[in-house]
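The values are calculated or read from the model by the stated rules, or taken from the named source; none is laboratory data. The structure displayed is predicted, hence computed values, not measured ones. Quick reminder, even Gly has a Cβ in these numbers, built from the backbone with ideal geometry, and neighbours come from all protein chains shown.
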Amino acid sequence: MNHRQIGLQPMTTPVRSPQSGRDQSLQSMLIQNIHHKSPFVFVRGSGDSPYLNWLHKTATEFECADEFRNINFDLTHPMDKHTFDPINPLVGDRQSFEALFGSVGPLLHELCLAEHQAGELVDLELFRSYLDLENLQRLRDQQKYESAQEDLDHYLISALGICYQDGHSQKQAVMHAKLMSKPWLFYHALKRSQLCSTDPDVDFKNLFESGKYVCVTLPWLVGEDEGFRLLSTLFACLISQSPDHRILVSANPEVIFDGVFDHQSSLAFPLRRLSGFNTVFTLQGCFDEVEPSDSFVTQICSVARAIVFMKSECHGFPDSLKISGFNHGVSARSLCSRDIIGQSPGSCFAWGNLAIIRKDKPCRLIGHFHAKLRYEGRDLR
């Protein structure tokens, strides 16, 4: 199969040379966006300080540093951080609460909605009060929360077995603590970050119209896998709140999730929610852990308009990925683990409906090809 040169936008020299073709590809995408004044949200699943410094430096070079926003959960990073509202943009979206908090999501949504109907916003401490069992019992009799009474009764009576009399048993308290474990994790992760505000620097309801370049850093912490997954889902929910009224004619990505969903058991919700955006998901090192029939890969292949497979050390190749490639004309011989592992640096297998930039104009490649990515070091201005 012939190699075809893909002319990605030339990029300025980064502060630190990227360690992989994936990093170089992402940097080229981000350079394209900044050059074309296309706002984006870049959610990175690691606390990579040189990468963040490079992104800020690039925005400065293009004289748009004022549009750069840094939502960074790495408390040790010295760069100025910006705040966001993790709760109020989601009020009115019951499905997001269910995705975040499971069976108690509808109850928490209705309580937050009652606050909005009363003309009030929900800050982190008010949200915390909903997690207290005795407080939930008191809310039953308050007219302000009348619209949430059905969900309150369902939770207290059906789920916990608490009748209208005061008090509760130790067993019921333990059951409540278990059901509220995700909301508590949500609260503690956000409280520790010191990034939350009801008057935020980043407005997810007006994300792309505001023309901002938003970088979200979620450092993976050992022993905090569930918290990481919760925050990943949170930002997928928040991004999806931005009005989806644009016609997708640009090759520039609007949303990039880099290494954020590698260890998720399911991508169904974020994929479905972000289907209206030009979204890039990067996955690294996950195919060693999944079975060929795993729904994780099937979900990706069922909705992705294009798949790019760079050099990888994976030794398993899921059937759903092979089928996706075969459906676009890739031969069985080209999709074996040996060929993927043996690719030269900068090479990739790609198939689907792929948009690229050549000479400042978007081109669309339909079908499949084996490509050699080219990165240049010239200044775009």
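Quick look at the values:
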{"read-out": "Residues of segment 65-111 satisfying the condition of being of a type in the set (G, A, S) and in the same structural domain as A148 (by TED's automatic domain parsing)", "value": "G92, S96, A99, G102, S103, G105"}
{"read-out": "Of all residues in segment 301-325 being farther than 21 Å from G21 by Cβ and among the small types (G, A, S), the one that is modelled with the highest pLDDT", "value": "S320"}
{"read-out": "The lone exception for T298 - which of (1) modelled with pLDDT of 75 or more; (2) over 22 Å from the mean Cα position of the chain (by Cα); (3) over 29 Å from Y51 (Cα atoms) it fails", "value": "(2)"}
{"read-out": "Filter result for S193 (outside the structural domain of F277 (by TED's automatic domain parsing) and more than 24 Å from L139 (Cα to Cα))", "value": "yes"}
{"read-out": "Given (1) under 23 Å from R128 (Cβ atoms); (2) at pLDDT below 90, index of the condition L190 fails", "value": "(2)"}
{"read-out": "Restricting segment 162-198 to residues that are part of a loop (DSSP other than H, G, I, E, B) and β-branched (V, I, T), the residue that is nearest to S232 (Cα to Cα)", "value": "T198"}
{"read-out": "Which listed residue is farther than 27 Å from G105 by Cβ and modelled with pLDDT under 80, from S210, S265, S250", "value": "S250"}
{"read-out": "Hey, H168 surrounded by 14 or more Cβ atoms within 10 Å (Cβ to Cβ), over 24 Å from S96 (Cβ atoms) and out of contact with any strand residue (DSSP E or B) (no Cβ under 6 Å at 6 or more places or on another chain) or not", "value": "yes"}
{"read-out": "Members of segment 77-111 found to be of a type in the set (A, V, I, L, M, F, W, C) and in contact with a Leu (Cβ under 8 Å, 6 or more places away or on another chain), listed by number", "value": "M79, F84, I87, L90, V91, F97, L100, F101, V104, L107, L111"}
